[in-house]
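Read-outs: derived from the displayed coordinates by stated rules, not from any lab. The structure presented is a predicted model; accordingly, all values stated were derived computationally and were not measured. Reconstructed Cβ throughout: ideal geometry from the backbone, glycine too, with neighbour counts over all protein chains shown.
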Amino acid sequence: MSKYLIGITGASGVIYAWTLLKAFKNTGIETEVIVTDPAKKVWEQELGFEWTEVKRFVSKIYLEHEIDAPPASGTSNYSGMIVIPCSMATLSAIATGASRTLLQRSADVMLKEKKPLILVIRETPLSLIHIKNMEMCALAGATIFPAMPAFYLKPRSLQELVEGFVGRILNFLGVKHSLSKSWEQEYEKYQSTSYSED
């Protein structure tokens, strides 16, 4: 049985994390989560409810100061880790191997153990420092997965837009879901539509 570790930082876009946790729960895949202190504040500001609600969808919650918790060890049995959203501060720490917090150390473990590490970065515009840090993480084995929702699926609400993006993450991991359609499905509809030539 797969088990994924989810890291939530203080970048904007915690709705992605919330939607991903619910999706994993619906697919029957176990998740554990690490929540940073800034993430708690952003969560409550953006979503309007207590961050502790994550306990409804995860098997374990860790805080960033718990540096001796199981995710800090290479012997932990995780299929991979998704940092969603990933702040530029966290990206920098992962790129340099700082490992000052449990989340940073856990990401470092994923890289050294050659396990999937997905970084859902959330910042714009990007400075050269940000770009170089992404390069370092990518060279070390991480997947840079910018929070760029797709519009070709014609989302009718913010939630559908978010679900479409989260569906892309699950597709990347090979996890079956019902969050969104694929472009293949949308393309068939597109092809069936006739257009008159000028």
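Given labels modelled 7 Å from the Cα in the Cβ direction, how far is it in nm from MET136 to LYS115?
A separation of 2.3 nm, rounded to one decimal place.
Looking only at Cα atoms, what is the convex hull volume of region 1-106 per residue, in Å³?
Numbers: hull volume 9.2 nm³, N = 106.
Here the figure is 86 Å³ per residue.
Which three semi-axes in whole Å describe the equivalent ellipsoid of region 3-192, each the square root of 5 times a Cα gyration tensor eigenvalue, listed largest first?
Result for region 3-192: semi-axes of 26, 19, 17 Å.
Starting from 0.36 nm per residue, how many nanometres of slack lie between PHE172 and MET148 once their C-alpha separation is accounted for?
Contour length minus the Cα-Cα distance gives 7.2 nm.
List the residues of region 21-48 whose backbone N lies under 14 Å from a point placed 7 Å from the Cα of LYS60 along the Cα-to-Cβ direction.
Taking a point 7 Å out along Cα→Cβ of LYS60, the residues of region 21-48 whose backbone N falls under 14 Å are 30-35.
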